[in-house]
Structure formats: C-alpha cells, structure tokens
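Reviewing the structure listed below.
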Amino acid sequence: MELVAATRNKDKLREIKELLKGLKVDVFSLDSFKDAPEVIEDGKTLKDNAVKKAIEVSKFLKCLAVADDSGLEVEYLNGEPGVYSARFSGKNATYKSNNEKLLNLLKNAPPEKRNACFKCVIAVADKGKVIGVAEGKCEGKIGLESKGENGFGYDPVFTPAGYKKTFAEMGPGEKNKISHRSMALAQARKIIAAYLSPCL
C-alpha cells in the first residue's frame with residue numbers, strides 16, 4: 001500500500017518514515033510525483049492547513065495521504081510564530097533566518113517569559129476524504145542562542161521541558177521519544193492501521 005506524505009521537506013519526510021516504521025505501507029513524498037499540486041497553506045490554524053493538504057493531495061493522487069503542519073508558539077510573542085513558523089522571517093525564509101529573527105525578538109525576554117510550545121497536527125485522508133486528525137505538543141523554552149547540529153527548523157533554539165539540551169543536541173531516537181511530531185504520528189499510526197486492517 002502506498003502512503004504519500006504531503007510534503008517536499010526531506011527532514012520532515014525522514015521523521016515521518018522513521019515514526020511509521022512497521023506499518024505495511026511504502027511512504028513517498030510529493031517529490032516522487034512531478035505533477036503533484038502545490039497546496040497553498042492559507043489556513044488560520046495548523047489543523048486547517050493539515051486537513052487541506054491531506055484532502056487535496058489524496059484526491060489528486062487518488063491514494064492514502066498524510067499531511068502535517070507544525071508550529072512553534074512562544075509566550076513572549078503572544079503565540080507567534082504559530083501557523084507562520086516556516087515563513088516567519090519572510091518569503092525566502094530559511095531555518096537559520098527564522099531562528100535569528102526569533103532570538104532577536106526575545107533578546108530582552110527574561111527566562112520566565114521564554115516558554116514555548118511546539119505543536120503538530122497530522123491529517124490522514126484517502127481519495128479526498130478525511131479519515132482522522134491527530135495532534136501532539138511538546139512544552140519547553142527558547143534558549144539564548146542556537147545549540148546543536150541535529151534536527152531542523154527551530155530545534156537548535158528549543159529546549160524541551162525537563163531537559164538541558166535542545167532538540168538539535170539530541171539524536172533522532174531521543175528526540176522522537178518526546179517530540180510533538182512523534183506524539184501526533186503515534187496517533188496517526190493507529191488511525192492508518194485501523195483504516196487499513198480490512199485491506200490486509
């Protein structure tokens with residue numbers, strides 16, 4: 001059974017593949033389909049975007065699809081960047097430019113105001129119909145500087161609650177035990193398994 005992850009982000013695809021290991025599905029990204037649509041993420045919430053991507057991709061490719069939208073909500077910034085996390089520093093945003101903008105905006109924030117929460121919403125759809133939606137979150141704090149070479153996105157500046165190192169200082173296995181995406185994918189995995197069970 002083919003499962004399409006509605007993303008072209010290789011880092012995100014790698015995590016999705018790792019966390020869905022054991023399911024009887026072959027996971028592909030949109031890069032495997034040259035004519036796959038570019039879905040405009042114009043939703044007001046992470047759920048809006050995840051559902052829209054899952055529906056459009058699964059309908060166009062006539063297959064099972066999972067779509068993820070994740071965001072970082074920072075207390076000092078009243079929940080920003082949130083749904084705009086990937087493009088926080090502008091149209092041509094990079095991981096580095098997003099992190100630099102975030103740290104600059106928080107340069108005067110005291111430790112008690114640097115609380116943040118990573119959120120992930122994953123929608124599962126088949127041929128244009130939503131099967132289920134899963135959510136996960138991870139609480140933590142934004143550091144004073146970037147640390148670590150692993151992970152991607154805001155991982156170098158985010159230290160999960162109860163830990164003294166950032167996501168980027170952790171190995172994939174350690175991060176995947178506690179991350180927002182791993183929690184959402186654990187639920188999505190159950191949704192996919194239950195949906196496929198009559199077919200297997």
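The values are calculated or read from the model by the stated rules, or taken from the named source; none is laboratory data. It should be emphasised that the depicted structure is a prediction, and the values quoted were computed from it without experimental measurement. Note that each Cβ is placed from the backbone with ideal geometry, even for glycine, and that neighbours are counted across all protein chains shown.
Observations, loosely collected:
- Restricting K165, K137, K96 to those that are at pLDDT 95 or above and part of a helix (DSSP H, G or I) reduces the list to K96.
- Matching entry among K12, K52 (being under 23 Å from F118 (Cβ atoms), surrounded by 14 or more Cβ atoms within 10 Å (Cβ to Cβ) and free of Cβ contacts under 8 Å to residues at least 24 places away in the same chain): K52
- Out of K10, K52, sole residue that is closer than 25 Å to T159 by Cβ, of a type in the set (K, R) and within 17 Å of the chain's Cα centre (by Cα): K10
- Filtered by the rule that a residue be touching a residue at least 40 places away in the same chain (Cβ under 8 Å), in a loop (DSSP other than H, G, I, E, B) and of a type in the set (A, V, I, L, M, F, W, C), region 145-162 gives a lone residue, F152.
- Residue match in region 100-109 (condition: within 28 Å of A168 (Cα to Cα), assigned to a loop (DSSP other than H, G, I, E, B) and hydrophobic (A, V, I, L, M, F, W, C)): yes
- Flag for V157 being among the hydrophobic types (A, V, I, L, M, F, W, C), out of contact with any Ser or Thr (no Cβ under 9 Å at 6 or more places or on another chain), surrounded by 15 or more Cβ atoms within 10 Å (Cβ to Cβ) and at pLDDT 95 or above: no
- Checking each residue of region 140-147 against the condition of being farther than 21 Å from N98 by Cα and crowded, with 18+ Cβ neighbours inside 10 Å gives no match.
- Scanning region 15-32 for residues that are among the acidic types (D, E) and either closer than 18 Å to M183 by Cα or buried (at least 18 other Cβ atoms within 10 Å of the Cβ) (or both) turns up E15, E18.
- The residues listed here are A116, A188; of these, the one that is crowded, with 17+ Cβ neighbours inside 10 Å and without any contact (Cβ under 8 Å) to a residue 60 or more places away in the chain is A116.
- Residue list for region 33-49, filter: within 18 Å of L3 (Cα to Cα) and either aliphatic (A, V, I, L, M) or surrounded by 20 or more Cβ atoms within 10 Å (Cβ to Cβ) (or both): A36, V39
- Where a residue in region 82-95 is under 13 Å from Y154 (Cα atoms) and of a type in the set (K, R) and its partner, wherever it lies, is at pLDDT 95 or above and surrounded by 13 or more Cβ atoms within 10 Å (Cβ to Cβ), with Cβ under 8 Å and at least six apart: R87/A93
- In summary, A123 fulfils each of the numbered conditions (1) crowded, with 21+ Cβ neighbours inside 10 Å; (2) of a type in the set (A, V, I, L, M); (3) over 18 Å from A6 (Cα atoms) with the single exception of condition (3).
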